Every structure is written in C-alpha cells, then in structure tokens.
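Each remark here refers to the structure printed beneath this line.
The values are calculated or read from the model by the stated rules, or taken from the named source; none is laboratory data. Values in this document were obtained by computation on a predicted structure and should not be read as measured data. Note: ideal-geometry Cβ built from the backbone for every residue, glycine included; neighbour counts use all protein chains shown.
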Amino acid sequence: MTTEIDGKQTGVLDRSRLALQDDFLRAAVRFTADRLRGKKRIATESLGNWETWRERGMQIRSHTVANLDYYLAQFTENVEAAGGHVHFADDAAEAAQTVMNILMEKQARSVVKSKSMVSEEIGINHLLEEHGIEVVETDLGEYIVQLARETPSHIIIPAIHKNRRQIKDLFTEAGGENLTTDTKTLTAFARNTMRNKFLRADVGITGCNFGIAESGSVVLFTNEGNADMVTNLPKTHIVLMGMERLLPAFADLEVMANLLPRAATGQSITTYMSVITGNRRRGDIDGAQEMHLIVLDNGRSRQIGDAKMQSVLNCIRCGACLNVCPVYRQIGGHAYGSVYPGPIGAVLSPVLNEGEKYADLPYASSLCGACSEACPVKIPLHDLLVHLRQRHVEHGHTKTMERLAFRGFKVAFSRPNRLNLAIKMARLGQKALVRNGHIESTLGPLKGWTAGRDAPTVAKQSFHDRWRTLQSELQTQHNHALEPKAERGGDVE
Amino acid sequence: MKRTEFLTRVSARLGRNGVPGDSPARDVVGVPEFWSQRELSERERVDRFRDNLVNLGGEVHLVSSVDELRDALSEVLGSLRIMRVGIWNDRELQELVNPVLESYEVSTWGIEPASAFVDMDLGITGAQFGVADTGTLVLSCGGGRGRSVHLLPPVHLAVLRASQIKTRLGEALQELSSHLTEIDSYVHFVTGPSRSSDIENDQSIGVHGPAAEIVIVVENL
Amino acid sequence: MESYRDEHEHEEGHMMKVSLFVTCLVDNLYPQVGEAMVRLLDHLGVEVDFPQAQTCCGQPAFNSGYVDEARASAKTLLDAFEDANYVISPSGSCTGMVHHYYEEMFADDPKRVRQAVDLADKSYEFSQFLVNVLGVTDIGAFFPYSVTYHPSCHGSRLLGVKDEPLQLLRNVRGLELIDLPYDTDCCGFGGTFAVKMGDISTAMVTEKVSHVRETGARVLVGVDMGCLMNIGGRISREGEQVRVMHLAELLYEGVQAGVSD
Ligand code: SF4
C-alpha cells in the first residue's frame, strides 16, 4: 500500500497524481475494464430480466444480514457438525494470530493460498514471512502481484495494472528460464512452479465467497483451479471468511451463482464452483484432514443496525462497481491506498477502519451512480458515500474553510434576496479574473477547477433579474396573437 | 466463550437479546419463478448442455450405446496419445469403459496410491449431474470418487447419462439441500477447462486445473 | 408558430400552467437557458410562472455532507412551489435531488415531508415534461448541424431520463445526431468533487472531451448545465471549436429557424 510518498502521509488525491502520470497503468485499466463491461452486458442480457435478478440478490442478501446472528449460529454449528473447527476473530490482528496458532501447531513450513481479500485485510502474508514460513499466492494474478511485492489493485483482477513484459521479468527473476512474453509460456511457467508448491505445502488458505447456513458449506468461485488444489492437497485447510458472507440455503446460492460471475467477469458461471463441507470423510483418500474456519468481524458488526450502512454488508465482492467507475478508471486501485479499491473500497475502508486514515476516500467520487447501477445486489453506493461525508461533517472532521463556506451557503441560499446580494458581490469580485468572457486563472479557491478547465462568469443579469421583462414580453405577444382568434370566436383565457 | 460473545454482539446490533431460536420467516427464497418454471425436454437439455460446454472450449460426444461410448473413448485416447489413465473406483463406470482401457496404464483411485495420480495424462470420472443452462458437470467426490482424479491431470473426461442432465443449476443444488446429512465433503461444479485472464486480459486455458474437458453423453441408457 | 398552441388549447380547453424551477446554476451563470425554456414552453401553449422565492435544491451542500445547510436552501423550494401544478427544471440532477432525497431529508417534520412528497410528484426535468407529460416529441425545429448528446448521470440514473432528449433531437430537421462513445461515463463534474479532487476530475473530463472530439460533431448538447459547464470549460481550455448547448437552447434556436424556414 502506498499510503506514504517520500515518507509523508498522503491522501487519495496525492496518490492519484502518481497514477495519473502513469499512462501504461491507465491504458491497462481502461482496456480491461472495457472488456469486462462489454462481457458483462452480453452476459446479463442473455439472462433476461437482469433487474429482477438484482432485486432477488438484494432481497436475499438483506434478509441474511438482517438475521445474521441466526444464520451465523446455524452455519458455524453445521461446519462443526461436518468436522470443521470454527474460530471467531474480532479484528484483523486476532484473525492473523489465529492463523499463526494453527500453523505453529501444525509446524507448517509452507503455505499455499488462493485469492482472498480477507487475507489481504488481515495482512497475513507479511506475518507469515516474518515467521519464516513460505507463503505462495497461487492465483496467477495474485502470484504476479506477490512477486512484484505489491498489493492487488482490483478485487477480481489483482494484476490489472501489469503488462506482459513486466510479468515476464518477474517470472524470470523467480527462476523462469528462456521465457517469452507469450501468455501461454507465462501461464505454463506458473502452472509448473505451482504444481510442486501445491504438492509440498503443509497448509492451504482460501477465502470464502459464500457460506451456506443450512449445510455449513463453504463455496468458492474460481476459474483457474488453484483453489481446488489449495483446498484438497495440503493436510490442513484454513478458510478466512468475513462474518457477513452467508446465504441461508442452497436455493439462494443459485441466485448468486447467476449474479456473481456475470457481474464480475461477464461469465454465465465460473469454471469452478467448489462446495466444501467440513473436512474429508472417513473413507476419503484426499481432501484436507482438518478444516479451520475463521470468522472475521473487523468493523463489520458496527455497520449492522445503521439503517443506511447496513447494506454495505450485502456486497458479494464482484468488482462490477470498479469496472464501471470513472474515477477508478483514471487512477487505478493503488491510489485508494486501501485493501479494497474503487467505489466499494471508498465505502468499506473508512467504515472498517475507524479514524482518519481513509476519511478522504468517500470524496473520491463524482457521485455519478454508475456503481449503484452496476451492483448486482443493488447497494446504493453513491448514497453511502454521501452518508459517510455526512458522518464526517457531523463529527466535525471537515476543514474550517469548508465549514465556513457552507455556513455562507446556508445564509445566502435560505433567502432569495440574500442570494441576490451574494451574487452581486460575486459579479464584482470576479471582475479581476475574467478574460475573454471566462475565467482561466489558476489561483484562488477554485484552482482545482481552473487548473484544467475554464470557468464561466456570473451572468450580467440573473434569470431572477430578467424574469419581469421576459414575462411582459411574452404577455404582449400573446395579446397580439389572440386578436385574430377572437374573430373565430375561440374562447381562450 | 468467544462464540457466544461474538454472536451476542451481532444480536445486540440487530436489537435483540440473543440469537433467535426459530428460523427467520422468509418471503423470498431462491431464483425468480420464471426461471425455475422453465421446462425443457431431454433432447433440448442435451443440446443446450453441449452447446454451452463447446462454447467454452469443452468437447462433447453424444453416443447412444455402450459400443458407441467405447468407440468414442478409444478415439479420444488415441488422438491425444494418452498413456496413463486415472479412474474413479466406481463399478458402473469401470464396467462401461474397462474394455477400452486394457491397452493403457490404468490407475484406479483407492487401489493405486494417491501419489500415482500426479502423473496421469487423463482422468476418467462419472458425474452426478450435468447442467444444461451452463454446460456444467457436478462431481460429488468421496470414497472411490477421488478429487485428484479430475483435478490433477491435464485432461478430464467424464461419462454422463443424458437423463442426468438437468435444466438449471438449482436442480443440482436442490439435490444437495434435500440430503444435507449425506453431503460429500467436496462437491465440484466444473464448467469447461481451467482458464485465466490475468495476463492483460488475454485468456489462457489450463492454468492449474485441466486444459481439456471432454464429456461423453450417453443417450438411451 | 401558433399551430402548437392552437392544438394544445383546443385539447385542454385552457392553458396548462407550469412553474419554472430555474436552478441556481442557470439562474446566475446561464440565464439564457432558462429563457429558452420559457420561450419554448410558451411556444407550446404552456403558461409559465416563476416563483421568486426559490434559490437552490441544496445539492451542493447535501452532497458534501452538510444536510442542515442543504435543508435551509431546500425549504425555499418547498415554499416557492407549494401551489404549483407542475415544476419544470432544466436539470435532471436538481430534479433528481428533489425526487430522491427531500422526503428523507425532512423526515423529522411531517409538514415538510408532505410538501416534499408533493413536490417530488409534480417535478419534472424539461425533456421529461415535454415528452411524457405534453406528449411532444417533434417540436418543429430546424437545426442543420451535427450534434452529439451527453446524458448526464443524475438525470439518466437517478431520474431515469434516458430516451426523452434523444427523441426530441431525432425529430429536429436537418440535425445529424452522432452517438457519443462512452456516453454514459461521467464527465467528472460531481459538484464540489471537481474542485476538491480537481486532478481526477480533470482527467475524467479530458477523456470525455476526447470522445466528443472523436464524433466530429459541431455541437455538444446536454440537459444539465453542471456537466456542460465542466465539459465546456475543458473544450474551451483545449481550444476546441465545439459549441456547447443545453437542449432547450438548441430546440429554441431550432424553432426560430423552423419558423423562418
Ligand atoms: S458493492 Fe456491489 S458491485 Fe461493488 S463489489 Fe460489492 S457487490 Fe460488487
């Protein structure tokens, strides 16, 4: 995470400046986002009634979150009944410690992982490396990001910002010989490297797309097949799950299986959907002998009961909101400086982490609503962003200048005559700045605007001022126009 | 206890004293009616299954007798120059295909050691269901139906009866739902070959899982 | 020019009356847009009234998190339009604000809630009113230029104004309508966002202008002056020769040309 530039704490705007200068990054993000948008459109159209499906998705997720205590109890009991071990973690540190404890007990030397945003959230890789445990990301994109010592810049396509030349260099450094930039060659290198890791690893760590309460099953949606190796080849399987990722029943999984892949990558279903219920049964020869489920809160339960924010827990982490976001499109994922980027990240990061660190993220949005429109479970993301800005104001965290400005707004805009006066003053004030009928000056409070755009000037006469004249002009025309009608005997006002 | 503390906190946020004893009332469950009420004939299901799987780069052979099944299998094995074959320890499946496998090096799950399956060229399995809507195979793994048989080799071949092909995913899920206590610890829904688009959104096949998915659908059996 | 009014008056038996919600931006920066609207509505036989007590929908404050400040300004609208039959604005964003947030914003005050619900029920964006209420899609305009249309986010997403402006444009004689690539992508305006996150906003509008340029159109038209101010400001900075117009301005100019034609 690049929350520091030259050792200084920075905000999303500073970080995005770096991104905005990176033409490759922006081209790569646009390219992939466009592909995904197009594929999503085709996939949702083929389903028909996409809106009805979204409505379903929203209803099912809302119901689950509104009864999360019940379903969480049912789910975890069923996991245990199927032979799994369940751990609860209040925060990231506790979850990471729980993982460590299991690894210590198993005397694990090497760990294979499949993509899991929760594992990023608890920063587990770092901790494992500190303890001298080898940890390998096995999803191709995650592996690339890991070799580059970076974090994912997209929740579905972690290496969206890397090109094939960079990837070839990374793979060469990792021991690849005679590699070309050809996708096939690069993929083959990853496959061969990973095979050995899978077979040797002591523990596999995965996330969890959905937990099915009625059965205690963990469901994973993947395309590469790495998650199935991670779950089945090592002796121990650890599942990291955000506490809200549940569905009441298998019937509901059918809805999500239709929504998630379409929204995420425009597929009608992912290549693999793996339903894992506890550990291997007596008589099974492969599959993990021990399964540990870690249920993470880390700020999630705080959103329950907040009428507005509760819906953020409906998120199924499909990434659709990133792909349509015009801000993400310009600045990419790292500029957000948080584990979760894009619109969902701008909502989730500040609520999962209290304090000032991510407080500026809700402002990194033009509130265009593309995210809300794309979201397969109808989370009103742009409303939540405004809601977070309101919280920020209520807690007195906004800048003094801004507060004064809006106090001025209140005074001026609560009475038309006051507004009139304010406008007159503005008209006077702008005089020094006007060139060729608009404002180009890049100084002053509007510099964010004028650095890249000309600004209009306040009109000589406002509409309020013009109204009387306009009205009487139209009236005269009417009277004029009505005369011939009177002859026809028309009765018009 | 941690669990109680954790759940109580959630209940409190939801405005109640503890986890409710009764399951919550629901007015909306599962897919919209227009989706579940569709009815397709077996012919339509088979065709849709094939079309969808082929679209994703899978291979589907429709056969209508045991002899045809064996011919198709032997053609596949021959054309791919397969030498080592892994197979589920499943009587019915084995009876269907064994005559073809005589000239191959065959490892049967549970008979040969699991480590042998790392080096198979092709894995043969049955499947519990097919799903027409998506071209999906449902593999419920346990006992003789080892997971590694279809996960590890570069080619996966499944034998499926036409009558096992359901219209939609939900029918297969319904089956799990109605046998909750007997659910295998691993049920794998497989749709086409393994793929990734992580390098410049350029799709590549056979990343970690099999690069080829071949299904022989047997009709009238 | 009388023909429309004649028809309309005969149908309705009396003139339809609407109130203009001019929006603060048009009021003070682009009054000619308000004027074009009034003249067009008048041309269609609709009587327009302009309650003077209105200021602003409150969106600049609301979107920045200042609800109390937004409320102060929103109240002027609730009062100004208390007796109106229809409230027509040149902005999908401002009308969208009324539709989606007023009721909730005044939730603590039953009287204001009633006013808010009532106002939302009778509020329309300009093109929405023409097409869906008046049933007018061909306004008899002539405008012999190539035009591309930018659908503003709030108008199209919050308020659902999607096809109305296009229907009106398609019926303008002489007008060549060219699709704008990535039309639904935000132009980067977003109110205070454009100032607060100026660099990001500029990158967004630069991409938008590059798409406008790709169309080769002489005119960019829209139904929201916030977005047009933003795109127009960038067009002007880049020295592009594209005319930026509100739909009402274009139609009014076209009607005048249509009459003399
Ligand atoms: S907020 Fe919605 S669109 Fe964004 S990741 Fe979550 S589910 Fe997907």
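Which is of a type in the set (Lys, Arg) and within 30 Å of A:ALA257 (Cβ to Cβ), of A:LYS410, A:LYS399, A:LYS378, A:LYS424?
From the options A:LYS410, A:LYS399, A:LYS378, A:LYS424, the qualifying one is A:LYS378.
Take A:ARG245 and tell me if it is within 10 Å of another protein chain (Cβ to nearest Cβ) and out of contact with any His (no Cβ under 9 Å at 6 or more places or on another chain).
Against the criterion (within 10 Å of another protein chain (Cβ to nearest Cβ) and out of contact with any His (no Cβ under 9 Å at 6 or more places or on another chain)), A:ARG245 does not qualify.
Only one of these is closer than 27 Å to A:ASN314 by Cα and either not in a helix (DSSP H, G or I) or not aromatic (Phe, Trp, Tyr) (or both): A:MET273, A:MET229, A:MET194. Name it.
Exactly one of A:MET273, A:MET229, A:MET194 is closer than 27 Å to A:ASN314 by Cα and either not in a helix (DSSP H, G or I) or not aromatic (Phe, Trp, Tyr) (or both), namely A:MET273.
Anything in the range C:30-52 that is within 14 Å of the chain's Cα centre (by Cα) and at the interface with chain A (Cβ under 9 Å from one of its Cβ atoms)? List them, or say none.
Result: C:TYR30, C:PRO31, C:GLN32, C:VAL33, C:GLY34, C:GLU35, C:VAL38.
Considering each of A:LEU147, A:LEU140 in turn, give the residue that is touching a residue at least 12 places away in the same chain (Cβ under 8 Å), buried (at least 24 other Cβ atoms within 10 Å of the Cβ) and under 30 Å from A:ASN101 (Cα atoms).
Values: A:LEU147 fails: buried (at least 24 other Cβ atoms within 10 Å of the Cβ).
On inspection, the qualifying residue turns out to be A:LEU140.
Mind checking which residues of the range A:308-331 are in a helix (DSSP H, G or I), within 11 Å of the ligand (Cβ to nearest atom) and either surrounded by fewer than 24 Cβ atoms within 10 Å (Cβ to Cβ) or of a type in the set (A, V, I, L, M) (or both)?
Correct list: A:SER311, A:VAL312, A:LEU313, A:ASN314, A:ALA320, A:LEU322, A:VAL324.
Taking the range B:141-157, which residues are surrounded by fewer than 22 Cβ atoms within 10 Å (Cβ to Cβ) and closer than 25 Å to B:VAL207 by Cα?
B:GLY142, B:PRO154
Inside the range A:466-493, can you point out the residues that are at pLDDT below 70 and not aliphatic (A, V, I, L, M)?
Of the residues in the range A:466-493, the ones at pLDDT below 70 are A:481-493.
Hits for the range A:466-493 are A:GLU483, A:PRO484, A:LYS485, A:GLU487, A:ARG488, A:GLY489, A:GLY490, A:ASP491, A:GLU493.
Is the range B:178-194 home to any residue that is within 11 Å of chain A (Cβ to nearest Cβ), surrounded by fewer than 24 Cβ atoms within 10 Å (Cβ to Cβ), at pLDDT below 95 and assigned to a strand (DSSP E or B)?
No, the range B:178-194 contains no residue that is within 11 Å of chain A (Cβ to nearest Cβ), surrounded by fewer than 24 Cβ atoms within 10 Å (Cβ to Cβ), at pLDDT below 95 and assigned to a strand (DSSP E or B).
Could you identify the single residue in A:ILE269, A:ILE304 that is free of Cβ contacts under 8 Å to residues at least 24 places away in the same chain and over 18 Å from the mean Cα position of the chain (by Cα)?
Numbers: A:ILE304 fails: free of Cβ contacts under 8 Å to residues at least 24 places away in the same chain.
Being free of Cβ contacts under 8 Å to residues at least 24 places away in the same chain and over 18 Å from the mean Cα position of the chain (by Cα) holds for just one of A:ILE269, A:ILE304, which is A:ILE269.
Select from the range A:276-307 the residues that are more than 7 Å from every other protein chain (Cβ to nearest Cβ) and among the β-branched types (Val, Ile, Thr) and write down the one among them that is surrounded by the most Cβ atoms within 10 Å (Cβ to Cβ).
A:VAL295
What helices (runs of 4 or more DSSP H) lie completely within the range C:150-261 and have 2 or more residues being modelled with pLDDT of 95 or more and hydrophobic (A, V, I, L, M, F, W, C)?
In the range C:150-261, C:164-170, C:198-215, C:225-237, C:247-260 are the helices (runs of 4 or more DSSP H) which contain 2 or more residues that are modelled with pLDDT of 95 or more and hydrophobic (A, V, I, L, M, F, W, C).
Name the residue, out of C:THR95, C:THR55, that is within 17 Å of the chain's Cα centre (by Cα), within 7 Å of chain A (Cβ to nearest Cβ) and among the polar types (S, T, N, Q).
It is C:THR55.
For the range A:389-409, does any single residue satisfy the condition of being in contact (Cβ under 8 Å) with a residue 12 or more places away in the chain and either within 15 Å of the ligand (Cβ to nearest atom) or away from chain C (no Cβ under 12 Å) (or both)?
No, there is no match, as no residue in the range A:389-409 is in contact (Cβ under 8 Å) with a residue 12 or more places away in the chain and either within 15 Å of the ligand (Cβ to nearest atom) or away from chain C (no Cβ under 12 Å) (or both).
Considering only the range B:60-86, state which residues are more than 14 Å from every other protein chain (Cβ to nearest Cβ), under 18 Å from the mean Cα position of the chain (by Cα) and surrounded by 17 or more Cβ atoms within 10 Å (Cβ to Cβ).
Within the range B:60-86, B:VAL60, B:HIS61 qualify.
For the range A:85-148, please list each of the strands (runs of 3 or more DSSP E) lying entirely inside it that holds at least 1 residues being closer than 24 Å to A:ALA159 by Cα and in contact with a Phe, Trp or Tyr (Cβ under 8 Å, 6 or more places away or on another chain). Spell out the reasoning first.
Values: elements: A:85-89, A:110-113, A:134-137.
Here the list reads A:110-113, A:134-137.
So which residues in the range C:156-191 are of a type in the set (Val, Ile, Thr) and crowded, with 24+ Cβ neighbours inside 10 Å?
C:VAL161, C:VAL172 - these are the residues of the range C:156-191 that are of a type in the set (Val, Ile, Thr) and crowded, with 24+ Cβ neighbours inside 10 Å.
In the range A:364-373, is there at least one residue being within 12 Å of another protein chain (Cβ to nearest Cβ), near the ligand (Cβ under 9 Å from one of its atoms) and modelled with pLDDT of 95 or more?
Yes; the residues of the range A:364-373 include at least one that is within 12 Å of another protein chain (Cβ to nearest Cβ), near the ligand (Cβ under 9 Å from one of its atoms) and modelled with pLDDT of 95 or more.
So which residues in the range A:338-363 are away from the ligand (no atom under 12 Å from the Cβ), more than 12 Å from chain C (Cβ to nearest Cβ) and assigned to a loop (DSSP other than H, G, I, E, B)?
Those that are away from the ligand (no atom under 12 Å from the Cβ), more than 12 Å from chain C (Cβ to nearest Cβ) and assigned to a loop (DSSP other than H, G, I, E, B): A:SER338, A:VAL339, A:ASN353, A:GLU354, A:GLY355, A:GLU356, A:LYS357, A:TYR358.
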